[in-house]
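Every read-out reported here was derived from the displayed coordinates using simple, explicitly stated rules and does not represent laboratory data. Keep in mind that what you see is a predicted model, and the values were worked out from it rather than measured. Here the Cβ positions follow ideal geometry from the backbone for every residue, glycine too, while neighbour counts run over all protein chains shown.
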Amino acid sequence: MDVTMSQSTVAGRAQAPPSKSYTHRAILAAGYADGATVADPLISADTRATMRAVEAFGGSVEHDEAENRLEIDGFDGDPETPADVIDCANSGTTIRLTTAAASLADGLTVLTGDESLRSRPQGPLLRAIDQLGGHAESTRSNGQAPLVVGGPITGGSAAIPGDVSSQFITALLMAGAVTDAGIDLSLQTELKSAPYVDITLEVMEAFGVSARKTKNGFSVSGYQEYDAGDGYTVPGDFSSISYLLAAGVLAGEGELTIGGAYPSAQGDQAIVDIIREMGGDVSWDEEAGKLTVTESSLTGVEVSVADTPDLLPTIAVLGAVADGTTRITDCEHVRYKETDRVSAMAEALEKMGATIEEEQETLSIVGSESSLIGATVDGRADHRIIMSLAIAGLVAEGSTTITGAEHVDVSFPNFFETIEGIGASVSR
């Protein structure tokens, strides 16, 4: 599906979708448990992949659409060997978290996904499972899916880099809690995207499981049981909130209020401070979970995305409209997402008239030399690229057509309906 955005303004009220990161972890934690109720989950292409994985390991997942909650019967820390290949589709979180779960099973599990997922790095996680006494390999011997994983691991120690994906640490900590001996992880490099591990620790704690940071990495004790008690409620998603905030600060006509914005461990909460630093008028009632933003003149800033890789596309669009230069640093790991998001944003924004300077670890957007004009741009089958370019289309002269726009289903299925509801001109 192609979507065309026309220059328009926004105002009113929008609701943030539930967090994809928290939903993934809550579904799998309920799988590790005897079962649990997960309220307000994000139901999307990615999280459905994690639901299918829980079912493949012997659990069951039922979605109560009227109440928007998941009733999950878990596999109680003892996953069955799946009867078929686990298809993780385009979800990197799913394949990494369930690769570690697969290392607990007696037999062999095969995991794969779409073409994009089969190009993403998994090698460090496979090597860590090998260190823990399991069996994990890439069928093509290139550290990429399809993967074959066997166990059962009983715990132990492993060394793993921290600068490829924090999801490796998340996967091993969640699995380690139900091993006999627990797992001690030592980091070989600095941890990037660290707030995502904080999210994991927060969700594990909500399910009655403890893990901790150590001097050199992380540790989780074994023989623990996942139990969410009366259930778990998923908070709003700040990665998705970033697009709504950007829409309000760039194209607001009066106030735009965003609900569901409660504080949590999400690193992408940083978007509030980034927009403020650029000169944006944003107020946050944390107790009510309400953000209010108005159209503002922005000035370029330098910002690291070492811990907030999903914010790069949003910041790039803000920089293309801001005065001066916006320099995004520490972004090499952003090249290994659903697509190379650094080059994807550089290519699309240049096509729309922005002045861009791209290096391996930095992306500079010279807003003072940029004037956005509508164009046809490639969404790269990447939900975050598509949504950020849609916001650029709100302020670009003329019309902007984004290809493959259906991929917003990965994290924000009703994105276009939401921005249309606050005034954006959207043509499908």
In the range 1-105, which GluC sites (Glu not before Pro) are in a loop and have at most 12 other Cβ atoms within 10 Å, using DSSP for the loop call?
-> Glu65, Glu67
Working from Cα positions, state the angle (0 to 90°, nearest 10) between the long axis of helix 238-251 and the longest principal axis of the chain.
-> 0
When only Cα pairs under 8 Å and 6 or more residues apart are kept, what is the percent relative contact order across the chain?
-> 19
How many percent of DSSP beta bridges within the chain run antiparallel, rounded to 5?
-> 70
To the nearest 10 degrees, the tilt of helix 92-102 (Cα long axis) against the first principal axis of the alpha carbons of the chain is 10
Calculated from DSSP helices alone, with each H run of at least 4 adding -39500 (n - 2.57) and the total divided by the residues of the chain, [θ]222 nm to the nearest 500 comes to -9000 deg cm²/dmol
Span from the the range 264-321 Cα centroid across to the the range 77-149 one, whole angstrom = 35
Can you give me the relative contact order of the range 54-126 as a percent, contacts being Cα pairs under 8 Å and 6 or more apart?
-> 27
Most exposed first by the Cβ proxy, i.e. fewest other Cβ within 10 Å, how do Cys331, Cys88 rank?
-> Cys331, Cys88
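So which trypsin sites (Lys or Arg not before Pro) in the range 133-222 are both in a DSSP loop and have at most 12 other Cβ atoms within 10 Å of their Cβ?
Listed in order of number, the matching sites are Arg140, Lys215.
For the chain, what number of Lys pairs, 8 or more residues apart or on separate chains, have alpha-carbon atoms under 20 Å from each other?
6
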Once label points are set 7 Å from the Cα along Cα→Cβ at both Asp78 and Asp130, what is their separation, rounded to one decimal in nm?
-> 3.0
Order by neighbour count: Thr299, Thr139, Thr50, fewest other Cβ atoms within 10 Å first, most last.
-> Thr139, Thr299, Thr50
Mind checking the angle between helix 312-321 and the chain's longest principal axis? C-alpha axes, 0 to 90 degrees, to the nearest 10.
-> 10
